[in-house]
1. Would you be able to tell me the number of residues in the stretch 644-680 that are in a strand (DSSP E or B) and either out of contact with any helix residue (DSSP H, G or I) (no Cβ under 8 Å at 6 or more places or on another chain) or of a type outside the set (Phe, Trp, Tyr) (or both)?
2. Provide a single number: the residues in the stretch 711-735 that are crowded, with 21+ Cβ neighbours inside 10 Å and closer than 30 Å to Val279 by Cβ.
3. So which residues in the stretch 484-542 are among the β-branched types (Val, Ile, Thr), modelled with pLDDT under 95 and within 30 Å of Cys409 (Cα to Cα)?
4. Could you list, in sequence order, all residues of the stretch 35-56 that are within 20 Å of Gly150 (Cα to Cα) and among the charged types (D, E, K, R)?
5. Any chance the stretch 438-446 includes a residue that's closer than 25 Å to Asp348 by Cα, of a type outside the set (D, E, K, R) and surrounded by 20 or more Cβ atoms within 10 Å (Cβ to Cβ)?
6. For residues in the stretch 612-633 being of a type in the set (A, V, I, L, M, F, W, C) and under 21 Å from the mean Cα position of the chain (by Cα), which is nearest to Asn566 (Cα to Cα)?
7. Identify, please: which residue in the stretch 744-765 is touching a strand residue (DSSP E or B) at 6+ places or on another chain (Cβ under 7 Å) and of a type in the set (S, T, N, Q) and is, among those, surrounded by the most Cβ atoms within 10 Å (Cβ to Cβ)?
8. I need a count of the residues in the stretch 213-225 that are outside any strand (DSSP E or B) and under 26 Å from the mean Cα position of the chain (by Cα).
Amino acid sequence: MKNHAPLARSCRLLPLTAALFAAMPALAQQAAVKDAGTLETVIITATKRPQPLQSTPIAISVINGSSLEEANVNTLGAVTAQTPTVNFRTNASNKDTALFIRGVGTISTSPGVEPTVSTVLDGVVTSRPGQATMDLLDIDRVEILRGPQGTLFGKNASAGVINIVSKAPAKATERYIDLSWLQGNERRIRVGASGELSEGVLRGSVSGMAGKFDGNVTNVADGSKVNGYDRSGVRGRLEITPNRDLKVTLLADYMKANDDTPTGVVVGTTTTAYATGTVAQNPLFAAALVPVIAGPSNRQINSDLHTRVADTNSGLSAQVDWDLKGAGQLTSITAYRSWKNTQFQDQDRIGTVYRQFPSIHDRGDLDFEQKSQELRIASPKGGFVDYVAGVFYLQAKTDEQYRRDVTRCAATTATALPSGLIPCSAGSSTSDNGVANYGVDNKSLSVFGEGTFNFTESLRGIAGLRYTADDLSYYHGRVATATGVPGVQPTRATVTGSTSENAVSGRLGPQYAINKDVMAYATLSRGYKGPAYNVFFNMGPTQDNVLRPETSNSFEAGLKSTLMDNRLRLNVALFKTDYANYQANVPDLVNGVIVTRLINAGDVSTKGIEMDLTARVTPQLNVSAGLANIIARVSNFACPPAAAISCNINGKPLPFSPDWKGNVRVKYTMPVSDAMTLDLNAEYNWQSEVQYDLAQSPDAIQGAYGILNLSAGLAHTGGWRVALLVKNALNKSYASFLQNSGSNINRYVPRDDQRYVGVNARYDF
């Protein structure tokens, strides 16, 4: 998937975006002449209290739920395409996925590692990266806070926060049904009801979804379609207001998924070593793949295992908001979340056992639960100091079992094939396995406070601190039926370990209202990510060391403006963040199989500029755009002893971090009749070349690409809407992840790897 064309030739979005920025004043002037409507005021809650987006001294992107529904966007992974500073790491199991903000995210699958980007669902922090991959259901908005958020969110927000806010129950009774069908036999249904159950006292809502997709990859071993999904879920919300000073919000959600994502689709049977450039040919592996032909846009596998993931994600929470009259508001959030995940992976990626290629099949089972309690107080607004202060406690426990079954030819009398492959003769194969049981217990207690000091009507200052105390412990044991088994370390008696750390994080800076429409701010932030253990299947005696906490120091300056009589909103942010003791995985070899080892990889940095705008050009025409230039690089890599990679990566890019990323969205609405309107939508998302491998594999580079999505919707005042969708209209194939597996290069195929169309229908009643 490499693209060595010059970057300048690939940056098709930049002229478009530049022209858009240049044209906006004229467009806005035209809009004023035509008396266009104004932009709606955006209220965010990610700062622990409601306040306007434009007066908040934080770089924040907000995507409303209705736009996600219209675009048929159902997961956080898909949301990242609409936000230039956010990227998503996909994998065979959602357990191994991760979010990245400003070039930094969690590059590890160990349960002993915290996420770098915190995902918050209705005030509840999810403490494992894979929990964030649930389908979005009944969403009011998604708030993306960019940069370290160590004061209000703590240790797992050193790169940023994704704050998901669900819809509140309606006062009047509302019901809906939403149906979608898309090419490839993808079908989805969403239903919901909301309303007042007891006048002035009780409101509730319930929503549910079900979706299924056959897949866009073919397994030639049995002719089946894979890389699809089968998901369902339900979400309920109950708001109790016994009096004007007290509000209790009860929430419950349950999501179940069965995905059959393959363990990578082979796109190359040669590998290129970094930094020598040596190319290793693997013709035997290419022959073993037949009839699959490796290539950049291959959508076939040859697997004798039904690779799949079974996942359930559920939670309960109770939020109590108590108005203390003149003393502020007291908020308590008590929550419990459970996550169970079972994955089956085919590590050999071929359908037949040969002398040269043993069969390696994996099964992993995860059982996770977390309990959390937050108690905070927010002062009344309008005094010299507006503050939020509180205490937060989290206990998260993970238990995992991972099993690897290996079948190989111990001896064979079979004749070699013309390709050189040697099949197993009857009775010549042997089977061995390794089974590891391991887990992590994480306890964290923190105290925090942040205040806004109102020096004058124009000048304010923000200051916040958070103290965190972490306790982390693990256990690990493994039983292997033999030694020297490919990809299986020897038997290991159960061992345990523990560590504790205390840390301070925070934020400090001024904000100045230049006038009623323009606000400038600057902040110094300190982020903290707790200690870690590299707890995984092949964990060995040399990998029991604890990783030091990862810290970040960030400077950010920004400008937020609402111009042209509230028809144009333009925000700009500049930042630089330095990370010390960067926690990341690097490749290693275990009995000929590439695995990863978690280390403190030294120092990295990220810097850049972000711009986003929203414009109401005319009453019918809305335009929004975003552009980010982020330079995320390795500053000083700490090479582990006896590493199986080149450590010559100082100055090289961090994975999943394109230098440029941008998007443009245009929506035009026009009346068809007194009761009917037609809306036309176009969205173009573009990014420059991206490296997916910290070890800088030349084969793990995805070239620059852009995706164009189109839709046309017809809406009636009677409550129904029908839309035609065209995804990836330019039919661009790309890789959402490229992985060097030693003898081959694997691609993870996205849903929109090729053009497809669909229809969506909704009825509100």
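The values are calculated or read from the model by the stated rules, or taken from the named source; none is laboratory data. Here the structure is a predicted model, which is why all the values come from computation and not from measurement. Cβ placement follows ideal geometry from the backbone for every residue including glycine, while neighbour counts extend to all protein chains displayed.
1. The number of residues fulfilling the criteria is 19.
2. 2
3. Val485, Val488
4. If the condition is that a residue be within 20 Å of Gly150 (Cα to Cα) and among the charged types (D, E, K, R), then Lys48, Arg49 are the ones that fit.
5. Yes, the stretch 438-446 contains at least one residue that is closer than 25 Å to Asp348 by Cα, of a type outside the set (D, E, K, R) and surrounded by 20 or more Cβ atoms within 10 Å (Cβ to Cβ).
6. Only one residue tops the list, namely Ala625.
7. Asn746
8. The number of residues fulfilling the criteria is 3.
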